[in-house]
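Everything on this sheet refers to the single structure shown next.
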Amino acid sequence: MKSAFLKKIIMAASIMVAAGYAGGALAHSAGATIDSAGNNASATDLAQVICYDDGDGPTDHLYVTIQDNSPPVSGLLLSAQVYKDGHMTNVTDTVSGDANSSPLARIGGGDGVYYLSVSKTANGARNFTVTYHCQTAADVHTGTDITVLQVQ
Amino acid sequence: MKTPFIKKAFIGASILAASLYTSTTMAYGIGSAVLDSAGNNASATDLASVNCPTGTDHFSAAVLDTSPQVAGLLVSVHIYKDTQMTTATSTNGNWSDIVSVYGGAGTYYLSIRKTNVGARNFTVGWDCRDSNNVSTGTDLKVLQIQ
């Protein structure tokens, strides 16, 4: 079992790689394994996504998709939640282990700090990829940074 | 189909009733509502803030999905405060585990969500507690009903 510290470094590294890639591709995604020991149904990964005007325009909304890369297990589903200023939404990858991610979820909260979390419905390690974009009202990608707060 | 207004009033009444009850007995809260009453919003999320008073060590919650079971359609509760978040899911018609965030006094966020389209009746219980698991009182405000 990875220590929480090691796991956080790995996730941060994944995010940095994704962010580095995103510099050219205008995309942000991060991958990690939640509940690597497989015994924590309440395991939740949590991050702040900071949306700002990087010159492409002010943020209108943050949108998120999640992809469960692990094989399907009955009753074990992976979801992403987004919260900002009294509003919250969520989305679930209902078919695990295939090449498709969930539908998108979006919160319209303007520039500022959004909270992005990943959780699941039962015990079991799940490898996932979460994709997040701060976008303008015209769906143009704008400034997007992330700070990992909790890795479980 | 209930309108959001009626639905909000319903959950507000449930919460109020629970609060009135708890004011003379225990300090926990309990409320019931329907999530995604139209059955067409997989992302439907109900959200409330709960202010926990001085002396609070942690905030706990659990959820019960009271609708007939549907494969792949599960109801979960989430607690969020500052840099911490946790969750629990009701399965097989049973209450979820009780989960807690240890964030002291202040504002916690309590949400209910599900994993797919489909209306779900649920009951949620919540409680601000001190380090001895004694209720410290709750003050809940509904922020979003879907």
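Data overview
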read-out: Counted residues, the range A:36-88 - those being within 11 Å of another protein chain (Cβ to nearest Cβ), in a loop (DSSP other than H, G, I, E, B) and either within 23 Å of B:A61 (Cβ to Cβ) or touching a residue at least 12 places away in the same chain (Cβ under 8 Å) (or both); value: 9
read-out: Selected residue (criterion: surrounded by the fewest Cβ atoms within 10 Å (Cβ to Cβ)) from residues of the range B:54-103 that are β-branched (V, I, T) and assigned to a loop (DSSP other than H, G, I, E, B); value: B:T54
read-out: Residue within the range B:50-73 that is facing chain A (nearest Cβ under 9 Å), touching a residue at least 60 places away in the same chain (Cβ under 8 Å) and over 15 Å from A:A41 (Cα atoms) present; value: no
read-out: Per-region count, the range B:74-109, residues under 18 Å from A:K84 (Cβ atoms), more than 10 Å from every other protein chain (Cβ to nearest Cβ) and among the hydroxyl-bearing types (S, T, Y); value: 2
read-out: Hits in the range A:44-81 (condition: within 21 Å of B:A44 (Cα to Cα) and exposed (fewer than 15 other Cβ atoms within 10 Å of the Cβ)); value: none
read-out: Yes/no for A:D54 being at pLDDT 95 or above and in contact with a Pro (Cβ under 6 Å, 6 or more places away or on another chain); value: no
read-out: Members of the range B:126-146 found to be away from chain A (no Cβ under 14 Å), crowded, with 19+ Cβ neighbours inside 10 Å and in a strand (DSSP E or B), listed by number; value: B:W126, B:D127, B:C128, B:R129
read-out: The listed residue being closer than 25 Å to A:D54 by Cα, within 11 Å of chain B (Cβ to nearest Cβ), of a type in the set (F, W, Y) and not in a loop (DSSP other than H, G, I, E, B), out of A:Y115, A:Y132; value: A:Y115
read-out: Identity of the residue in the range A:107-128, of a type outside the set (F, W, Y) and more than 22 Å from A:H61 (Cα to Cα), that ends up surrounded by the most Cβ atoms within 10 Å (Cβ to Cβ); value: A:K120
read-out: Of the criteria (1) buried (at least 24 other Cβ atoms within 10 Å of the Cβ); (2) under 19 Å from B:M85 (Cα atoms); (3) at the interface with another protein chain (Cβ under 10 Å from one of its Cβ atoms), which one A:D93 fails; value: (2)
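The values are calculated or read from the model by the stated rules, or taken from the named source; none is laboratory data. All of these numbers come straight from a predicted model, not from anything done at the bench. When we count neighbours, we look across all protein chains shown, and the Cβ atoms used for this are built from the backbone with ideal geometry, even at glycine.
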